[in-house]
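A short worksheet on the structure shown next.
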Amino acid sequence: MNVKIIADSACDLSKDYYIEYGIEMVPLNVHLDNKDYADVKEIDPKTIYDKMRNGKAPKTSQPAPEAFKKVFTASAEKNEPLVYVSFSSELSGTYQSAKIMEDQIKTEYPDAPIHVIDSKCASLGYGLVVLHIAKMAKDGAAFAEIIEAAEHQANHMEHIFTVDDLEYLYRGGRVSKTSAFVGSLLKIKPILNVEDGKLIPLEKLRGSKKVLGRMIELMEERGKDFRNQTIGISHGDDLERAEQLASLIQEKFDVPKENIVIEMVGAVIGAHSGPGTLALFFSNQPNI
């Protein structure tokens, strides 16, 4: 029996991938203008960025546990193997909610082949992990193989990203008010990454012109075998810069264009990172 792959909306994959690979998506929630929206299903990232540019401050929350209960129960009743890879537990309570439901379902269905994995990844870095195992599932890979591959991909996923305005990270508690204020005055562009699921500042650059070059340098330092993996680029409503970065990668590492996936940073993560975010994702140890 084919393995069912579940993701949540923080993976920032477009709907086409969900359809093509049969991925089921559980949405996180976005709170905007006193209303709640199911991410992807009821609100799109462009709306969030336009609102943020006009001074709005959207909030986000994890899915209700019942959302996982419904999906897990359906698979357990059919004895259908299911792998849910979640948004980093260091950035959201989504993983914990899913684990609670997994344990609850297994009290009624002790042998249910359900496995929940904390990706410790975010945005399209998380999405690349999901995409990798969804392709395996479509090709008929076994349950254990998919779990092993998901854990490997997640453990070796690199995140290199920058934001256009430190104020948004300040609102999310990622930098101090002083850092945000001084950074804005000096036009400092931070470069950050994700380590063990947490956002970690790497360095600061003066001005935006150096950022793309530095991201390429970090990619060369941290990764390998770029022609033999899928590389992800996500952006906060700035497709032009995302395409510039993709061109630099193609030129520097001789990567085929079709090996690079470009997506917009979704509403949930974009609500914290803001318009103009640019992120690069690749593996430091891809499966060959």
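The values are calculated or read from the model by the stated rules, or taken from the named source; none is laboratory data. In this text, all values refer to a predicted model and were calculated from it rather than measured experimentally. Reconstructed Cβ throughout: ideal geometry from the backbone, glycine too, with neighbour counts over all protein chains shown. Remember, those area values only see protein heavy atoms, side chains included, never the ligands or the DNA or RNA. Shrake-Rupley method; radii C 1.70, N 1.55, O 1.52, S 1.80 Å.
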So how many residues does region 232-288 have that are under 16 Å from Lys51 (Cβ atoms), outside any loop (DSSP other than H, G, I, E, B) and open to solvent by 20 Å² or more (accessible area, probe 1.4 Å)?
3
How many residues are surrounded by 13 or more Cβ atoms within 10 Å (Cβ to Cβ), not in a loop (DSSP other than H, G, I, E, B) and not basic (Lys, Arg) when one looks only at region 51-88?
17
Test Phe226 against the stated conditions and say whether it is crowded, with 20+ Cβ neighbours inside 10 Å and either under 18 Å from the mean Cα position of the chain (by Cα) or touching a residue at least 60 places away in the same chain (Cβ under 8 Å) (or both).
no
Keeping to region 31-50, report how many residues are over 27 Å from His132 (Cα atoms), open to solvent by less than 70 Å² (accessible area, probe 1.4 Å) and touching a strand residue (DSSP E or B) at 6+ places or on another chain (Cβ under 9 Å).
6
Taking region 96-108 as the search range and keeping residues that are open to solvent by less than 60 Å² (accessible area, probe 1.4 Å) and either in a loop (DSSP other than H, G, I, E, B) or touching a Lys or Arg at 6+ places or on another chain (Cβ under 9 Å) (or both), which one is nearest to Leu199 (Cα to Cα)?
Met101
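Residues checked against (1) of a type outside the set (Gly, Ala, Ser); (2) under 22 Å from Leu128 (Cα atoms); (3) modelled with pLDDT of 95 or more:
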| position | (1), (2), (3) |
| --- | --- |
| Met1 | yes, no, no |
| Ile19 | yes, yes, yes |
| Met52 | yes, no, no |
| Thr60 | yes, no, no |
| Phe68 | yes, yes, yes |
| Pro81 | yes, yes, yes |
| Tyr84 | yes, yes, yes |
| Thr94 | yes, yes, yes |
| Glu102 | yes, no, yes |
Matching residues, region 86-106, being among the acidic types (Asp, Glu) and out of contact with any helix residue (DSSP H, G or I) (no Cβ under 8 Å at 6 or more places or on another chain)
Glu90, Asp103
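Here's the yes/no breakdown for (1) over 13 Å from the mean Cα position of the chain (by Cα); (2) assigned to a loop (DSSP other than H, G, I, E, B):
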residue: Pro110; (1), (2): yes, yes
residue: Leu128; (1), (2): no, no
residue: Ala141; (1), (2): yes, yes
residue: Glu148; (1), (2): yes, no
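Is it fair to say Gly266 is touching a residue at least 60 places away in the same chain (Cβ under 8 Å), more than 23 Å from Pro58 (Cβ to Cβ) and in contact with an Asp or Glu (Cβ under 9 Å, 6 or more places away or on another chain)?
Numbers: touching a residue at least 60 places away in the same chain (Cβ under 8 Å): yes; more than 23 Å from Pro58 (Cβ to Cβ): no; in contact with an Asp or Glu (Cβ under 9 Å, 6 or more places away or on another chain): yes.
Judged against the criteria, Gly266 is not a match.
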